[in-house]
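J.: Can you keep this structure in mind? I'll have questions shortly.
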Amino acid sequence: MRDAAPQTIRLADYTPPAWLVEKVDLTFRLDPEATHVISRIAFRANPAHGGRGDLRLDGEGLRLIRAALDGIPLAAGNFGTDSTGLTVPAEALPGDAFTWEAEVEIAPAGNTALEGLYLSGGMFCTQCEAEGFRKITYYPDRPDVMAPFSVRIESEMPVLLSNGNPVASGAGWAEWHDPWPKPSYLFALVAGDLVAHRDTFTTASGRPVALNVWVRRGDEDRCAYAMDALKRAMRWDEQVYSREYDLDVFNIVAVDDFNMGAMENKGLNIFNSKYVLASPETATDLDFERIEGIVAHEYFHNWTGNRITCRDWFQLCLKEGLTVYRDQQFSGDMRSHAVKRIEDVLQLRARQFREDNGPLAHPVRPESYIEINNFYTATVYEKGAELIGMLRRLAGDEGYARALDLYFSRHDGEAATIEDWLKVFEDATGRDLGQFKLWYSQPGTPRLHVSEDFKNGTYTLHFRQETPPTARQPEKRPLVLPIAVGLLAPDGREVHPTTVLEMTEPEQSFSFDGLDARPVPSLLRSFSAPVILVRETSTEERAFLLAHDTDPFNRWEAGRALAKDVLTRMITDRADPGPAYLDALAAMAGDESLDPAFRAYGLALPSEDDMAQTLHDAGVVPDPLAIHAARERLTLAVARHLSSLLPGLYASMETPGPFTPDAAAAGRRSLRGAVLRLLTRLDLGAVAERQFADADNMTEQLAALGCLLDAETGAGQDALARFARQWGHDRLVMDKWFTLQIAHAAPERAVAVTDGLTGHRDFDWLNPNRFRAVIGALPMLNPAGFHDPSGAGYRLVTDWLLRLDARNPQTTARLCSVFETWGRYDTDRKAMIEGELRRILDTEGLSRDTTEMVGRILGA
Ligand code: B3K
Ligand code: ZN
């Protein structure tokens with residue numbers, strides 16, 4: 001049966017809750033098949049509501065055993081239940097304040113959706129954001145209802161955890177109290193046979209905090225990096241945002257079965273084990289970097305999300321955009337701002353631009369949804385973070401700091417809105433942000449067209465902005481664009497340092513005078529606004545900027561643009577790469593004054609998906625196989641052109657001594673990996689074979705294995721088998737083993753390889769990490785294989801999505817976005833994809849999550 005007619009929820013319909021919660025007491029009698037949850041909730045009428053309303057409690061899949069109001073059992077005629085909750089009419093309520101008591105039964109063992117209370121590897125754990133708490137007990141499950149929680153857990157499990165501070169415990173029970181009022185989505189409970197990696201932290205004002213990273217027995221030696229990242233994040237938030245931690249204990253728990261990265265539950269963060277566990281032998285540099293970023297992100301939510309939460313789910317970017325911005329700042333401070341900006345922009349373009357330029361485009365603050373879990377998107381998160389960065393550019397560092405101080409003092413303990421957020425900037429800086437606010441409601445990536453002239457020493461930049469129509473929003477208005485610009489003289493000197501131009505009109509010009517010669521502009525430095533820059537530029541000018549720009553982001557950007565120009569010509573005209581790009585690349589790669597991590601990004605070619613979008617934007621129908629072939633040809637050309645440089649560079653980037661995960665060492669390994677990929681084109685994997693045999697860390701072992709698979713000599717298959725023997729016992733490492741084979745399969749074999757791996761005895765498809773590692777890898781890491789002209793890739797992915805949807809709608813719906821770019825392709829491919837999407841939509845019993853996603857992708 002299909003879910004009861006899915007309802008559209010609209011921002012415009014927001015009304016304050018009729019009843020507020022004073023405090024919550026919960027008792028859990030844990031049992032895999034029949035957990036009992038006993039709740040006592042003190043309600044009081046909300047003065048802001050305007051009259052006493054009905055008591056509406058959300059609840060899904062609960063077996064109600066008893067309920068009472070102020071101790072008097074609720075008579076059957078005095079309330080009604082339906083598939084989404086329970087209502088007690090106003091006239092059956094005792095007064096303006098009363099206590100609700102109830103006992104419900106739930107079955108965590110059967111919960112494969114991983115939302116609410118569920119089991120992962122024998123451990124009880126929870127995931128409540130956005131609306132999972134209603135699967136635990138009856139409650140007003142909305143973020144603007146905040147209350148202190150007391151929790152008692154009864155279970156034979158040795159470790160029993162919940163939010164806040166521990167109160168008391170004994171054999172088979174533990175009690176926790178969280179004094180900070182919080183919405184139900186931040187509730188968490190964990191019960192399991194866990195061990196802790198322990199540490200302590202003393203806050204700036206002297207509060208001692210016990211820190212624990214809880215993991216399965218055997219994993220305790222892989223927690224040190226996450227713990228270290230946590231302590232650095234705690235200190236950083238004190239130093240940069242004056243935010244201190246506010247409880248006696250901070251717990252992190254790693255679980256294997258988790259729908260996303262991690263969750264910021266108050267005082268009890270729950271993490272996908274992939275983003276906690278790391279040792280040099282099992283985790284790559286990228287894993288270490290992500291762990292650092294995600295640990296910090298969840299910790300930073302303690303203030304931006306928990307102390308100040310969202311009034312309703314439309315305001316999600318209030319906590320997510322800001323917290324992403326904060327974690328990006330943190331990682332930049334810990335590592336390199338230039339490299340971090342390149343990584344963030346790569347991500348933004350790969351995920352958010354893709355979303356913003358397709359059928360799933362939506363505003364940073366959406367105005368309606370059917371299933372809120374479908375809106376934890378790159379737009380809300382990453383574009384949301386870009387909006388914070390632009391606000392800061394406009395307000396200046398001091399204005400930003402004043403606004404943030406005001407935000408924390410004015411809204412602490414509240415459930416706030418984007419209006420509240422913008423008001424603190426207006427009050428702190430005296431600016432009118434009326435036009436800026438459009439960024440929150442207008443989806444689509446603006447195109448910024450640029451032309452220029454130079455007369456009598458005056459150089460003028462003419463800008464024109466235009467945002468293409470998006471699904472359901474054809475008309476667009478001009479946005480506020482902070483455009484950071486610097487000017488370089490023909491000899492490479494900077495003649496005008498970075499200035500932020502503020503564009504507010506559809507067309508606007510800005511002049512710079514007193515120049516001796518026509519300068520070369522460096523536009524949109526540090527990617528100062530999330531737009532697509534459109535400007536006729538010569539190859540010479542790009543090469544000049546790659547060599548001379550003082551803005552490291554734009555230096556990289558110039559190389560990137562060169563690579564895209566070359567690849568485009570190779571794809572559309574079967575042209576040769578030509579010397580300009582190759583010479584510039586050689587100069588950059590060999591420039592020892594440049595950070596190795598930066599050089600590694602310089603050597604990385606644009607992804608196949610990036611090229612497909614670039615061609616589509618230029619009005620060319622992309623052929624995934626032609627893109628793949630051209631990219632292979634260019635890689636070979638680069639390898640040949642750089643051949644004299646590669647062996648020396650490879651040797652010089654060795655990191656002697658024991659492995660350290662710091663940015664400097666990681667950068668060297670990253671450049672070495674990029675060089676190895678090129679070398680492999682020339683030596684058929686000889687160096688890679690040596691590296692695979694000698695590697696003492698996962699970064700180098702995996703890089704070598706990927707190269708051996710590319711070389712297609714047979715050594716790759718041997719290495720794969722050796723790798724599986726070495727790591728067969730390790731879930732996280734084996735995820736890499738699955739993914740790598742698909743990512744490196746020749747396009748014509750990719751579907752067969754994926755299909756073969758779904759038959760592997762370790763393909764545990766109910767585990768979201770494993771499902772994504774296999775089914776997600778084909779569309780995301782082997783687009784040419786996924787878009788096989790036979791349609792076999794589309795069929796395979798669809799078959800598996802349908803299978804998973806019946807068990808885990810959230811992960812299924814998320815993965816449906818692999819089809820979001822279908823409108824780019826040729827008629828045959830489009831027809832095949834559309835057929836698969838319709839097959840999904842026509843499936844009996846399809847989840848609300850997937851129904852909404854596929855409907856939107858189809859443009860329904
Ligand atoms: N707030 C959570 C995400 C919850 C997703 C629910 N589908 C993690 C984060 O953004 O920090
Ligand atoms: Zn977050």
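The values are calculated or read from the model by the stated rules, or taken from the named source; none is laboratory data. Worth saying up front: this structure is predicted, and the values here are computed from it rather than measured. Please note: Cβ atoms are built from the backbone with ideal geometry, for glycine as well, and neighbour counts cover all protein chains shown. These accessible areas exclude ligands, DNA and RNA; they are computed on the full protein's heavy atoms, side chains included. Shrake-Rupley method; radii C 1.70, N 1.55, O 1.52, S 1.80 Å.
J.: Which helices (runs of 4 or more DSSP H) does the stretch 591-687 wholly contain that include 1 or more residues that are under 21 Å from ARG824 (Cβ atoms)? Show your work before the answer.
T.: On the way: elements: 596-603, 608-617, 624-641, 646-652, 663-683.
Hits in the stretch 591-687: 608-617, 624-641.
J.: Considering only residues of the stretch 319-341 that are open to solvent by less than 10 Å² (accessible area, probe 1.4 Å) and either polar (S, T, N, Q) or touching a strand residue (DSSP E or B) at 6+ places or on another chain (Cβ under 6 Å) (or both), which is farthest from ligand 1 (Cβ to nearest atom)?
T.: The selected residue is SER331.
J.: Tell me, which residue of the stretch 274-292 that is open to solvent by 10 Å² or more (accessible area, probe 1.4 Å) and within 16 Å of ligand 1 (Cβ to nearest atom) is nearest to the chain's Cα centre (by Cα)?
T.: ARG290
J.: Let me ask something additional. Here are the criteria: (1) under 30 Å from ASP257 (Cα atoms); (2) aliphatic (A, V, I, L, M); (3) assigned to a strand (DSSP E or B). Tell me which single one ALA109 does not satisfy.
T.: (3)
J.: Go through GLY132, GLY164 for me and flag whichever is open to solvent by less than 10 Å² (accessible area, probe 1.4 Å), in contact with a Gly (Cβ under 6 Å, 6 or more places away or on another chain), in the same structural domain as ARG52 (by TED's automatic domain parsing) and more than 23 Å from LEU55 (Cα to Cα). Reasoning before the result, please.
T.: Numbers: GLY132 fails: more than 23 Å from LEU55 (Cα to Cα).
Of GLY132, GLY164, the one residue that is open to solvent by less than 10 Å² (accessible area, probe 1.4 Å), in contact with a Gly (Cβ under 6 Å, 6 or more places away or on another chain), in the same structural domain as ARG52 (by TED's automatic domain parsing) and more than 23 Å from LEU55 (Cα to Cα) is GLY164.
J.: Given LEU387, LEU404, which one is touching a Phe, Trp or Tyr at 6+ places or on another chain (Cβ under 9 Å) and away from ligand 2 (no atom under 16 Å from the Cβ)?
T.: Working: LEU387 fails: away from ligand 2 (no atom under 16 Å from the Cβ).
None of the other options fit; the residue is LEU404.
J.: Right, something else. Can you say whether GLY413 is part of a loop (DSSP other than H, G, I, E, B), outside the structural domain of PHE819 (by TED's automatic domain parsing) and away from ligand 2 (no atom under 16 Å from the Cβ), as far as the supplied structure shows?
T.: On the way: part of a loop (DSSP other than H, G, I, E, B): yes; outside the structural domain of PHE819 (by TED's automatic domain parsing): yes; away from ligand 2 (no atom under 16 Å from the Cβ): yes.
Considered against the rule, which asks whether it is part of a loop (DSSP other than H, G, I, E, B), outside the structural domain of PHE819 (by TED's automatic domain parsing) and away from ligand 2 (no atom under 16 Å from the Cβ), GLY413 comes out as yes.
J.: On to the next question. If only one of VAL380, VAL424 is in contact with a His (Cβ under 9 Å, 6 or more places away or on another chain), part of a helix (DSSP H, G or I), within 16 Å of ligand 1 (Cβ to nearest atom) and not charged (D, E, K, R), which one is it? First the steps, then the outcome.
T.: On the way: VAL424 fails: within 16 Å of ligand 1 (Cβ to nearest atom).
VAL380 is the lone residue from the list that is in contact with a His (Cβ under 9 Å, 6 or more places away or on another chain), part of a helix (DSSP H, G or I), within 16 Å of ligand 1 (Cβ to nearest atom) and not charged (D, E, K, R).
J.: Quick check on the stretch 446-453. Is at least one of its residues under 27 Å from SER368 (Cα atoms), in contact (Cβ under 8 Å) with a residue 12 or more places away in the chain and not aliphatic (A, V, I, L, M)? Explain how you work it out, then say what you get.
T.: Restricting attention to the stretch 446-453, the residues satisfying the condition of being under 27 Å from SER368 (Cα atoms) are 446-447.
If we keep only those that are in contact (Cβ under 8 Å) with a residue 12 or more places away in the chain too, we end up with 446-447.
Remaining after also requiring not aliphatic (A, V, I, L, M): 446-447.
Yes, the conditions are met somewhere in the stretch 446-453.
J.: Would you mention how many residues in the stretch 324-342 are more than 16 Å from ligand 2 (Cβ to nearest atom) and either under 15 Å from the mean Cα position of the chain (by Cα) or touching a residue at least 12 places away in the same chain (Cβ under 8 Å) (or both)?
T.: Quick first cut of the stretch 324-342, residues more than 16 Å from ligand 2 (Cβ to nearest atom) only: 332-342.
Cutting the leftovers down to either under 15 Å from the mean Cα position of the chain (by Cα) or touching a residue at least 12 places away in the same chain (Cβ under 8 Å) (or both) gives us 333-336, 338-342.
Count: 9.
J.: So HIS301 passes all but one of these: (1) touching a helix residue (DSSP H, G or I) at 6+ places or on another chain (Cβ under 7 Å); (2) of a type outside the set (Phe, Trp, Tyr); (3) more than 13 Å from ligand 1 (Cβ to nearest atom). Which condition number does it fail?
T.: (3)
J.: To continue, here is another question. Looking at this structure, is VAL364 under 27 Å from ASN808 (Cα atoms), outside any loop (DSSP other than H, G, I, E, B), within 16 Å of ligand 1 (Cβ to nearest atom) and modelled with pLDDT of 95 or more? Step through it out loud before you land on a result.
T.: On the way: under 27 Å from ASN808 (Cα atoms): yes; outside any loop (DSSP other than H, G, I, E, B): no; within 16 Å of ligand 1 (Cβ to nearest atom): yes; modelled with pLDDT of 95 or more: yes.
Here the answer is no, as VAL364 does not meet what is asked.
J.: Is it the case that some residue within the stretch 512-523 is within 25 Å of GLU382 (Cβ to Cβ) and at pLDDT 95 or above? Talk me through it step by step, then tell me what you get.
T.: Taking the stretch 512-523 first, the residues within 25 Å of GLU382 (Cβ to Cβ) are 522-523.
Going one step further and asking which of them are at pLDDT 95 or above, we end up with 522-523.
Looking through the stretch 512-523, at least one residue is within 25 Å of GLU382 (Cβ to Cβ) and at pLDDT 95 or above.
J.: In the stretch 414-441, how many are touching a residue at least 60 places away in the same chain (Cβ under 8 Å) and either more than 26 Å from the chain's Cα centre (by Cα) or surrounded by 18 or more Cβ atoms within 10 Å (Cβ to Cβ) (or both)?
T.: Total meeting the criteria: 8.
J.: Looking at the stretch 65-85 only, could you name the residues that are open to solvent by 50 Å² or more (accessible area, probe 1.4 Å), among the aliphatic types (A, V, I, L, M) and within 44 Å of the chain's Cα centre (by Cα)?
T.: Residue satisfying the conditions is ILE65 alone.
J.: Mind checking whether some residue in the stretch 611-627 is more than 27 Å from the chain's Cα centre (by Cα) and within 30 Å of ASP696 (Cα to Cα)?
T.: Within the stretch 611-627, none of the residues are more than 27 Å from the chain's Cα centre (by Cα) and within 30 Å of ASP696 (Cα to Cα).
J.: Conditions first: (1) acidic (Asp, Glu); (2) touching an Asp or Glu at 6+ places or on another chain (Cβ under 6 Å); (3) more than 10 Å from ligand 1 (Cβ to nearest atom). ASP256 passes all but one, so which condition is the exception?
T.: All conditions are met except number (2).
J.: Filtering the stretch 303-312 down to residues that are open to solvent by less than 10 Å² (accessible area, probe 1.4 Å) and out of contact with any Gly (no Cβ under 8 Å at 6 or more places or on another chain), which residue is nearest to ligand 2 (Cβ to nearest atom)?
T.: Taking the stretch 303-312 first, the residues open to solvent by less than 10 Å² (accessible area, probe 1.4 Å) are 304-306, 308-310.
Subsequent filtering for residues that are out of contact with any Gly (no Cβ under 8 Å at 6 or more places or on another chain) retains 304-306, 309-310.
Values: THR304: 9, GLY305: 7, ASN306: 11, THR309: 12, CYS310: 11 Å.
The extreme case among them is GLY305.
J.: Checking the structure you have, find out if any residue of the stretch 793-808 is assigned by TED's automatic domain parsing to the domain that holds ILE833, in contact (Cβ under 8 Å) with a residue 60 or more places away in the chain and more than 26 Å from PRO606 (Cβ to Cβ). Give the steps one after another, and end with the answer.
T.: Pass one, the stretch 793-808, residues assigned by TED's automatic domain parsing to the domain that holds ILE833: 793-808.
Subset that is in contact (Cβ under 8 Å) with a residue 60 or more places away in the chain: 807-808.
Still in the list and also more than 26 Å from PRO606 (Cβ to Cβ): 807-808.
Within the stretch 793-808, one or more residues are assigned by TED's automatic domain parsing to the domain that holds ILE833, in contact (Cβ under 8 Å) with a residue 60 or more places away in the chain and more than 26 Å from PRO606 (Cβ to Cβ).
J.: Could you say which residue among GLU105, GLU91 is among the acidic types (Asp, Glu), under 28 Å from ASN265 (Cβ atoms) and either touching a Lys or Arg at 6+ places or on another chain (Cβ under 8 Å) or open to solvent by 50 Å² or more (accessible area, probe 1.4 Å) (or both)? Spell out the reasoning first.
T.: Values: GLU91 fails: under 28 Å from ASN265 (Cβ atoms).
Answer to the check: GLU105.
J.: Do we have any residue at all in the stretch 306-323 that's within 15 Å of the chain's Cα centre (by Cα), polar (S, T, N, Q) and in a helix (DSSP H, G or I)?
T.: yes
J.: Test of understanding: among ALA262, ALA233, which residue is within 16 Å of ligand 2 (Cβ to nearest atom) and over 19 Å from ASP199 (Cα atoms)? Before you say what the answer is, go through the steps one by one.
T.: Numbers: ALA233 fails: over 19 Å from ASP199 (Cα atoms).
Result of the check over ALA262, ALA233: ALA262.
J.: Let me ask something else. Looking at ALA665, ALA704, ALA637 in this structure, which one is under 15 Å from LEU286 (Cβ atoms) and among the aliphatic types (A, V, I, L, M)?
T.: Going through ALA665, ALA704, ALA637 in turn, the sole match is ALA665.
J.: Right, here's the next one. Would you be able to say whether some residue in the stretch 343-360 is within 15 Å of ligand 2 (Cβ to nearest atom) and of a type in the set (Phe, Trp, Tyr)?
T.: No, there is no match, as no residue in the stretch 343-360 is within 15 Å of ligand 2 (Cβ to nearest atom) and of a type in the set (Phe, Trp, Tyr).
J.: Continuing with this model, one more query. Which of (1) under 30 Å from VAL818 (Cβ atoms); (2) touching a residue at least 40 places away in the same chain (Cβ under 8 Å); (3) open to solvent by less than 30 Å² (accessible area, probe 1.4 Å) does ILE532 not meet, given it meets every other one?
T.: (3)
J.: Return a yes/no flag: does the stretch 566-583 have any residue that is outside the structural domain of LEU778 (by TED's automatic domain parsing), surrounded by 15 or more Cβ atoms within 10 Å (Cβ to Cβ), out of contact with any helix residue (DSSP H, G or I) (no Cβ under 8 Å at 6 or more places or on another chain) and not β-branched (Val, Ile, Thr).
T.: Within the stretch 566-583 (the criterion being outside the structural domain of LEU778 (by TED's automatic domain parsing), surrounded by 15 or more Cβ atoms within 10 Å (Cβ to Cβ), out of contact with any helix residue (DSSP H, G or I) (no Cβ under 8 Å at 6 or more places or on another chain) and not β-branched (Val, Ile, Thr)), the answer is yes, since at least one residue qualifies.
J.: Which is under 25 Å from the mean Cα position of the chain (by Cα) and open to solvent by 10 Å² or more (accessible area, probe 1.4 Å), of GLY756, GLY835, GLY823? Outline the logic, then answer.
T.: Numbers: GLY756 fails: under 25 Å from the mean Cα position of the chain (by Cα); GLY835 fails: under 25 Å from the mean Cα position of the chain (by Cα).
Answer to the selection: GLY823.
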